[in-house]
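Reviewing the structure listed below.
The values are calculated or read from the model by the stated rules, or taken from the named source; none is laboratory data. These numbers were taken from a predicted model, which means no experiment stands behind them. Glycine also receives a Cβ, built like all others from the backbone with ideal geometry; neighbour counts cover every protein chain displayed. Accessible surface is based on the protein model in full, side chains and every heavy atom, while ligands, DNA and RNA are left aside. Shrake-Rupley method; radii C 1.70, N 1.55, O 1.52, S 1.80 Å.
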Amino acid sequence: MARPKKKKEQEEKKINENKVELAKTIAQQSQKIARSYASIENTFAKAFRWVSAWFDKILFNQRYAKEVALILAIILYVATNSTDSLSISRQPAYTNTYTDQPVTAEVNSAVYEVTGLPESVTVYLMGDLSDIQMADSQATQKVVADLNGLGEGTHQVDLKVSIISSRITSVVNPSSAVITISKKQSQEFQIGYDFINTKDMDSVYALSEPEFEKDSVLVRASDATIRSISIVKALIDVSNVTGDFTVEAPLVAYDQQGNRMDVDIVPDKIKTTVKVTRPEKDVPISIVPIGEVPNNKAISRYSLDHQAVTIYGPQEVLDQINGIDIQVPVSSFTSSPQVLSMPINLPSGVRKKSVSVVSITIELADKVEKVIEDIPIQWKNNTQNYKLTLDENEPQTVNVTVSGAQEVLDTEDGSAISVYIDLADVTQTGTIELPLHVSGGNKLATYTLDKQTIKINVTK
């Protein structure tokens, strides 16, 4: 046991000796490195002092003052321009957006029709500010679809910005479109018309049917487009017209929904002549009482500050008008005379009148009655051509009671009284009972029947 222990002590002693030897070696190397750094530091310090002394002699020596100033100016110029160039090179790109930019197709439009192309797109331009400002001065960016070399059929084409600086990057949204190219056909269409800007024409004037230089025009478009055309119209501008005129009216095609269509019309304008007239008619004014005058009174007479009014409109409308009635509510009349102002309403189709308001003076009197006997019964609105007879128990005539002021009844002889059966709503045959209607010639009187209904026989 003693021998192994001795051997172990020898090995530990040897290890300790190696450690001491390694420590001595490291210490020696550290001293060498420290001496080397000190030597280098002394060398740089001497060199710096020498250069500094030399620079001071040169910089502050009057003999070299001009040369030193020139060198410093050159260094400053180079440094300044290098900084500017670096700033420019690092300037960020400028972006501008252009909305609703029109799109055009580069195609022979006389031969082919293109559908599916968007009317407008959004364009983004990126580049230096000066280049973008130059592009802004063009107002719109021309976006084109190059269809050269494409034939009939459906194609997907790119949309690109043309006439643009190579220093600018452009992006189009949408960047492409699916279009259809069709060969154009020709077909004749009759010409219709629309008068436009009628609000800028005095309403007293009436326009005649226009006369065209020719009755039809030629329309060129694809077969599908031609089949969707509903009408071709001449748009006739009537702003401020006061007499006959001749104009070159533009022609426009419309589909069945009234939308304008982009087609070729040959010619695209038509010589048009329109006659302008000023139809007018003087018609009397009368009043129609609405309601019933209280206290057993009635209107005996009235007067107007305007006995007639001049109306303007198409001649066919004026021919149907023989007078204008003013409805007067009378249920609040309690004394006589009554003075009031009432507006004159235009009949349908009349465009203008000479008087807008009329002053009315109304006089009242006691209401009396008068019976007009044996007024014959008539038929109206027998549109179905029925065979009509009164029931065997029904009378052929009826009596009519007329109410009003004595002055009014003195002029009533019954010649203008009509008693009738209205057949407008009759849709079946057989014996049916219908109401009787009565009308009279004097608007200041009231007409009533002693019999309200009557039975009739209806056969085909």
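Miscellaneous remarks
- Subset of region 110-138 (residues that are without any contact (Cβ under 8 Å) to a residue 60 or more places away in the chain, more than 16 Å from Ile168 (Cβ to Cβ) and small (Gly, Ala, Ser)): Ser120
- The residues listed here are Ser239, Ser228, Ser208; of these, the one that is over 30 Å from Lys352 (Cα atoms) and of a type outside the set (Asp, Glu) is Ser228.
- Which listed residue is touching a Leu at 6+ places or on another chain (Cβ under 7 Å) and more than 21 Å from Ala298 (Cβ to Cβ), from Thr453, Thr383: Thr453
- Checked across region 340-350, the condition of being more than 40 Å from the chain's Cα centre (by Cα) and either open to solvent by less than 40 Å² (accessible area, probe 1.4 Å) or touching a residue at least 12 places away in the same chain (Cβ under 8 Å) (or both) holds for at least one residue.
- Output for region 300-331, where each listed residue is under 26 Å from Glu412 (Cβ atoms) and of a type in the set (Ser, Thr, Tyr): Ser300, Tyr302, Ser303, Ser331
- Matching option when the condition is within 31 Å of the chain's Cα centre (by Cα), over 28 Å from Val252 (Cα atoms) and open to solvent by less than 80 Å² (accessible area, probe 1.4 Å), among Ser182, Ser176: Ser176
- Taken together, the residues in region 338-362 that are in a strand (DSSP E or B), within 30 Å of Ala206 (Cα to Cα) and among the aliphatic types (A, V, I, L, M) amount to 3.
- The lone exception for Glu119 - which of (1) under 27 Å from Asp262 (Cβ atoms); (2) modelled with pLDDT under 85 it fails: (2)
- Answer from Val252, Val241, Val263 - the residue that is without any contact (Cβ under 8 Å) to a residue 24 or more places away in the chain and either of a type in the set (A, V, I, L, M, F, W, C) or on the phi > 0 side of the Ramachandran plot (or both): Val252
- When region 250-295 is filtered for residues that are within 28 Å of Glu316 (Cα to Cα) and touching a helix residue (DSSP H, G or I) at 6+ places or on another chain (Cβ under 7 Å), the ones remaining, listed by number, are Pro279, Lys281.
- Residue ID - most open to solvent (accessible area, probe 1.4 Å), chosen from residues in region 104-121 that are part of a loop (DSSP other than H, G, I, E, B) and over 11 Å from Leu159 (Cβ atoms): Glu119
- Scanning region 314-335 for residues that are farther than 30 Å from Glu209 by Cα and either of a type in the set (A, V, I, L, M) or open to solvent by less than 50 Å² (accessible area, probe 1.4 Å) (or both) gives Ile326, Val328, Val330, Phe333.
- Enumerated strands (runs of 3 or more DSSP E) restricted to region 252-313, each holding at least 3 residues that are open to solvent by less than 50 Å² (accessible area, probe 1.4 Å) and β-branched (Val, Ile, Thr): 269-274, 280-290, 308-312
- Selection within region 151-173 - within 23 Å of Asp128 (Cα to Cα), β-branched (Val, Ile, Thr) and open to solvent by less than 90 Å² (accessible area, probe 1.4 Å): Val161, Ile164, Ile168, Thr169, Val171, Val172
- Test for Glu152: is it modelled with pLDDT of 90 or more, over 29 Å from the mean Cα position of the chain (by Cα) and on the phi < 0 side of the Ramachandran plot: no
- Condition met for Thr389 (part of a strand (DSSP E or B), open to solvent by 80 Å² or more (accessible area, probe 1.4 Å) and among the polar types (S, T, N, Q)): no
- Test: Thr431 is open to solvent by 80 Å² or more (accessible area, probe 1.4 Å) and either over 29 Å from Lys297 (Cα atoms) or β-branched (Val, Ile, Thr) (or both): yes
- Residue match in region 363-383 (condition: surrounded by fewer than 12 Cβ atoms within 10 Å (Cβ to Cβ) and not in a strand (DSSP E or B)): yes
- Residue satisfying all of: in region 204-237; surrounded by fewer than 14 Cβ atoms within 10 Å (Cβ to Cβ) and among the hydroxyl-bearing types (Ser, Thr, Tyr); nearest to Thr154 (Cα to Cα) among these: Ser216
Residue by residue, here is whether (1) without any contact (Cβ under 8 Å) to a residue 12 or more places away in the chain; (2) touching a Ser or Thr at 6+ places or on another chain (Cβ under 6 Å); (3) of a type in the set (D, E, K, R) holds:
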position: Ser356; (1), (2), (3): no, no, no
position: Ile360; (1), (2), (3): no, no, no
position: Asp391; (1), (2), (3): no, no, yes
position: Pro395; (1), (2), (3): no, no, no
position: Val400; (1), (2), (3): no, no, no
position: Glu407; (1), (2), (3): no, yes, yes
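- Any hit, region 190-204, residues being over 27 Å from the mean Cα position of the chain (by Cα) and of a type in the set (Asp, Glu): no
- Among the residues of region 403-422, the one identified as touching a Gly at 6+ places or on another chain (Cβ under 7 Å) and open to solvent by less than 50 Å² (accessible area, probe 1.4 Å) is Ile417.
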